[in-house]
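The values are calculated or read from the model by the stated rules, or taken from the named source; none is laboratory data. The model shown is predicted, which means the values in this text are computed figures rather than measured ones. We place every Cβ from the backbone using ideal geometry, glycine too, and count neighbours over all the protein chains shown.
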Ligand SMILES: [Zn+2]
């Protein structure tokens with residue numbers, strides 16, 4: 001019975017193909033922007049974030065990890081009808097303190113692109129907060145150690161940043177760390193080659209758009225700005241998916 005059911009599910013997945021594009025949202029700081037913020041658009045108010053997640057849930061979206069998307073693209077593993085990846089860059093306090101509870105209530109995982117240096121600061125994301133996110137089902141991916149522009153460093157530092165960040169995060173948190181995120185979206189052929197060689201299955205950029213399975217090492221994302229509010233957020237998603 002279960003076997004037959006599984007066969008049916010697999011057949012359905014195969015019939016529908018498994019190359020649909022998926023929105024990967026890109027968030028930075030989840031907090032009100034301080035008046036002196038140099039880049040206020042990197043700050044999304046916690047109330048806006050909560051409203052944006054409510055908007056998604058009402059539209060039938062369901063949060064998934066990048067690994068789930070990868071498995072769906074690769075072999076047709078099941079995905080919700082309207083999947084969305086909610087990704088956060090760097091590792092900042094509000095990602096756990098403010099975004100964490102919103103996603104937990106929805107039973108959605110987040111995806112954290114962790115800069116190793118963020119672990120050193122109690123005002124960023126100390127290890128206990130990362131562990132709490134992992135306990136909630138979050139996927140932890142690597143975002144280098146120092147957040148350097150990888151196209152500007154020598155081969156030795158490139159390898160330390162790319163491979164070294166994976167090693168550190170794996171050792172500290174015992175999670176797979178299968179995906180990479182380029183700091184400031186900066187990459188070139190040499191950087192991509194290092195990311196592949198370090199064993200990552202794919203990598204996210206700051207290129208705007210839906211993520212598609214064509215090139216897993218240059219996955220596009222949908223940048224969410226502080227100025228988007230809920231209306232601007234809805235417009236972005238609607239424009240991309242119409
Ligand atoms: Zn970053």
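Data overview
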| read-out | value |
| --- | --- |
| Test: residue in region 72-95 that is surrounded by fewer than 21 Cβ atoms within 10 Å (Cβ to Cβ), touching a helix residue (DSSP H, G or I) at 6+ places or on another chain (Cβ under 8 Å) and within 25 Å of residue 147 (Cα to Cα) | yes |
| Unmet criterion (only one of (1) at pLDDT below 95; (2) assigned to a strand (DSSP E or B)) for residue 13 | (2) |
| Matching residues, region 210-240, being surrounded by fewer than 17 Cβ atoms within 10 Å (Cβ to Cβ) and without any contact (Cβ under 8 Å) to a residue 60 or more places away in the chain | 214, 215, 231, 232, 235, 238, 239 |
| Residues of region 113-129 that turn out to be within 15 Å of the ligand (Cβ to nearest atom) and not in a strand (DSSP E or B), as a count | 8 |
| Residue within region 185-202 that is within 18 Å of the chain's Cα centre (by Cα), touching a residue at least 24 places away in the same chain (Cβ under 8 Å) and part of a strand (DSSP E or B) present | yes |
| Among the candidates 37, 50, residue that is within 16 Å of the ligand (Cβ to nearest atom) and either part of a helix (DSSP H, G or I) or over 21 Å from residue 182 (Cα atoms) (or both) | 37 |
| Number of the exception - residue 28 against (1) over 22 Å from residue 203 (Cβ atoms); (2) in contact (Cβ under 8 Å) with a residue 40 or more places away in the chain; (3) within 16 Å of the ligand (Cβ to nearest atom) | (1) |
| Residues (away from the ligand (no atom under 12 Å from the Cβ) and touching a strand residue (DSSP E or B) at 6+ places or on another chain (Cβ under 8 Å)) located in region 166-190 | 166, 169, 173, 175, 177, 178, 179, 187 |
| Failed item, numbered, when residue 188 is tested on (1) farther than 20 Å from residue 202 by Cα; (2) surrounded by fewer than 16 Cβ atoms within 10 Å (Cβ to Cβ) | (1) |
| Residues of region 156-183 that turn out to be touching a residue at least 24 places away in the same chain (Cβ under 8 Å) and part of a loop (DSSP other than H, G, I, E, B), as a count | 5 |
| Counted residues, region 130-142 - those being in a helix (DSSP H, G or I) and either touching a residue at least 24 places away in the same chain (Cβ under 8 Å) or crowded, with 24+ Cβ neighbours inside 10 Å (or both) | 5 |
